[in-house]
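Shown next, in structure tokens, is the structure this report addresses.
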Amino acid sequence: MATPVSPIAIGIHGGCGTLDRKLQSERDWAETEAHLAQSLRAGWKILAAGGRAVEAVEAAVAVMEDSPHFNAGHGAALTEAGEHELDASIMDGATLGAGAVCTVRTIRSPIRAARAVMEKSDCVLIAGKAAEDFARRQGLAMVDNSYFTTERRKQALASLKALKARGTIALASEAERHGTVGAVALDGRGNLAAGTSTGGFNNKPPGRVGDSPIIGAGTYAKNGVCAVSCTGQGEVFIRHVAAYDIAARMIYAKQTLRQSADAVLEALGSHKIGAGLMAVDGAGRVYAPFNTLGMARGWIGPDGVAHVGTHKEILRLGAA
Ligand code: ASP
């Protein structure tokens, strides 16, 4: 293991479309927190062993993709046609290398496919069937589209369709509508990375692509500045180039991560949307603002102490 020259840190989120605490059993909340902790530790283990930020981000996101509690991979949202179309991206702040896939239906872990696009192709973003063919050629695990379906998402789709038919879609909760997972990391060589994976919006039209696979909108990382993964209505994040705007304010206006992220979140929130993000700066300071009821999240800062939370309160898990 090379001698670390930088503190290490990891932050993860499971989307800002969190359910009201009363709408899920304590057992389900405990499992959600356990999966957040598992994701954090998967990434931290890599960083602590001298691994790269990109590897840690991929590992942390892949754990949440496998969990039914988050809108990504297994447990992803359904389109209005009752199918899953997944988006993901990853960015390496050391090289500005980036990879993404969108509207994929059969790749078990879209974040792994995004990394393969970054490292094994000349492209940044590959869509649909071509991305699936690419992933298969890379030897990634492929599944039937039904693998991603859970009872909860079927219910959310039915409820959204009913609200839409009654003309009361505005009453839909953030949790029924959307969610995402993401991770950011700083490794011992000072490299930053960010990754995001999502099923997008419930009841979205087929072919709709949000911010999560768009570099600069839902995901951005640049060494010495910050790594950012966003969650919320993608169309607004794309128009604000939100993740890059956070980095740009830090570079050009010399803002701190906190000042920059707060300003961008406020601008996004002015569109009356739920929004949140997980970010880390070049010194390992983690910041995770959101304007909704809650945002599943967790982090381990340079002090090595793990924290997770789904609403306002945070659980301190102790040393990682
Ligand atoms: N940003 C995601 C999208 O628009 C959804 C979310 O994060 O809740 O697809």
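Structure data summary
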item: Residue within region 74-84 that is closer than 28 Å to PRO205 by Cα, assigned to a helix (DSSP H, G or I) and of a type in the set (D, E, K, R) present; result: no
item: Yes/no for SER212 being among the hydroxyl-bearing types (Ser, Thr, Tyr), within 13 Å of the ligand (Cβ to nearest atom), assigned to a loop (DSSP other than H, G, I, E, B) and surrounded by 24 or more Cβ atoms within 10 Å (Cβ to Cβ); result: yes
item: Region 49-61 residues that are closer than 13 Å to ALA194 by Cβ, paired with ones that are of a type outside the set (A, V, I, L, M) and at pLDDT below 95 (beta carbon under 7 Å, 6 or more apart); result: none
item: Counted residues, region 188-202 - those being more than 9 Å from the ligand (Cβ to nearest atom) and either buried (at least 24 other Cβ atoms within 10 Å of the Cβ) or among the aromatic types (Phe, Trp, Tyr) (or both); result: 6
item: Qualifying strands (runs of 3 or more DSSP E) (wholly inside region 276-320; at least 3 residues being closer than 22 Å to PHE237 by Cβ); result: 297-300
item: Matching residues, region 270-279, being farther than 25 Å from ILE8 by Cβ and either within 14 Å of the ligand (Cβ to nearest atom) or touching a residue at least 60 places away in the same chain (Cβ under 8 Å) (or both); result: HIS271, ILE273, GLY274, ALA275
item: Region 220-264, residues that are within 16 Å of the ligand (Cβ to nearest atom), of a type in the set (Val, Ile, Thr) and not in a helix (DSSP H, G or I); result: VAL228, THR231, VAL241
item: Criterion: surrounded by 20 or more Cβ atoms within 10 Å (Cβ to Cβ), farther than 20 Å from LEU277 by Cα and not hydroxyl-bearing (Ser, Thr, Tyr) - qualifying residue of GLY75, GLY82; result: GLY75
item: Region 163-190 residues that are modelled with pLDDT of 95 or more, paired with ones that are of a type in the set (D, E, K, R) (beta carbon under 7 Å, 6 or more apart); result: VAL181/GLU65; ASP187/ARG52
item: Where LYS22 falls short, out of the listed (1) at pLDDT 95 or above; (2) in a helix (DSSP H, G or I); result: (1)
item: Some residue of region 220-228 being in contact with a helix residue (DSSP H, G or I) (Cβ under 8 Å, 6 or more places away or on another chain) and surrounded by fewer than 24 Cβ atoms within 10 Å (Cβ to Cβ); result: yes
item: Criterion violated by ALA162 - all others in (1) out of contact with any Leu (no Cβ under 9 Å at 6 or more places or on another chain); (2) closer than 20 Å to LEU277 by Cα; (3) away from the ligand (no atom under 12 Å from the Cβ); (4) among the small types (Gly, Ala, Ser) satisfied; result: (2)
item: Unmet criterion (only one of (1) within 16 Å of the ligand (Cβ to nearest atom); (2) farther than 22 Å from ALA94 by Cα; (3) not in a loop (DSSP other than H, G, I, E, B)) for PRO206; result: (3)
item: Residue that is farthest from the chain's Cα centre (by Cα) [pool: residues in region 1-43 that are surrounded by 13 or more Cβ atoms within 10 Å (Cβ to Cβ) and polar (S, T, N, Q)]; result: SER6
item: Selection from region 165-187 of residues that are part of a helix (DSSP H, G or I) and either touching a Gly at 6+ places or on another chain (Cβ under 7 Å) or away from the ligand (no atom under 14 Å from the Cβ) (or both); result: ALA165, ILE169, ALA170, LEU171, GLU174, ALA175, ARG177
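The values are calculated or read from the model by the stated rules, or taken from the named source; none is laboratory data. No experiment lies behind these values; they were computed from the predicted model shown. Quick reminder, even Gly has a Cβ in these numbers, built from the backbone with ideal geometry, and neighbours come from all protein chains shown.
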